1. In the structure displayed, which of LYS31/LYS144; LYS51/LYS128; LYS31/LYS66; LYS31/LYS108; LYS66/LYS108; LYS108/LYS144 lie more than 22 Å apart, Cα to Cα?
2. Give the peptides 100-110, 30-40 in descending order of average Cβ contacts within 10 Å, highest first.
3. If we count every other residue with Cβ under 14 angstrom of ASN124's Cβ, Lys/Arg +1 and Asp/Glu -1, where does the sum land?
4. Of the peptides 43-52, 126-135, how do they stack up when ordered by the mean number of other Cβ atoms within 10 Å, highest first?
5. Mind ordering 8-16, 91-99 by average Cβ neighbours within 10 Å, highest first?
6. Going by the alpha-carbon gyration tensor, a ≥ b ≥ c the square roots of its eigenvalues, is region 5-46 rounded (a/c under 1.5) or, if a/c is not under 1.5, prolate (a/b greater than b/c) versus oblate?
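Just so it is clear, none of the values below were taken in a lab; they were calculated from the coordinates. Note that the coordinates shown come from a computational prediction; the quantities given were computed from them, not determined experimentally. Cβ placement follows ideal geometry from the backbone for every residue including glycine, while neighbour counts extend to all protein chains displayed.
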Amino acid sequence: MSLFSGMTAEAQREREEFFKEFETKTGEKVKSLELAELRADAVVYQELNLKTYRPGVWGLIVFCEKTAYYYVAPQESYLSFFMKGAGRTEERLFSLTELSAISFSLPKRGLLSFLNPETARSVNASYKNFDGAERSFTLVLNHKADDVFAMLNAIIVKPPLQ
């Protein structure tokens, strides 16, 4: 699972630069990346501070030694040229694995799941918000979900035993 396979020298340089900048922001060394679209309802977008005008937010799942982050790069859309601020996405970074009571699951794959190829590339997540209400979102991945699911579950921050 590599977003950067078959890279040119320029792409390799940009990758290394991104890894260094990310390490500076988080203090953690990047192990791997996965391109993903986070799909949720408006309440979850608001809680995660993801401003969006469309049904999904594209970003990177950044796997580090102890944490997995969701990173949304700053970008401007076609609309932002015509209307001040419209369509502009600000940089956003949050820890997936430190959301309260986070858990990940794979969607159920039935006999007819081949009719929806996104099922094999999706990971469902649920967490508890600041009020204790359960919330959920789906990560639709660039690659098959099995490896990403295993990596997320391997680094979930578990509360200490009491």
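1. Checking Cα-Cα distances, LYS31/LYS108; LYS66/LYS108 exceed 22 Å.
2. 30-40, 100-110
3. 0
4. My ranking of the peptides, most packed first, is 43-52, 126-135.
5. 91-99, 8-16
6. Judged from the Cα gyration tensor, region 5-46 comes out oblate (a/c at least 1.5, b/c at or above a/b).
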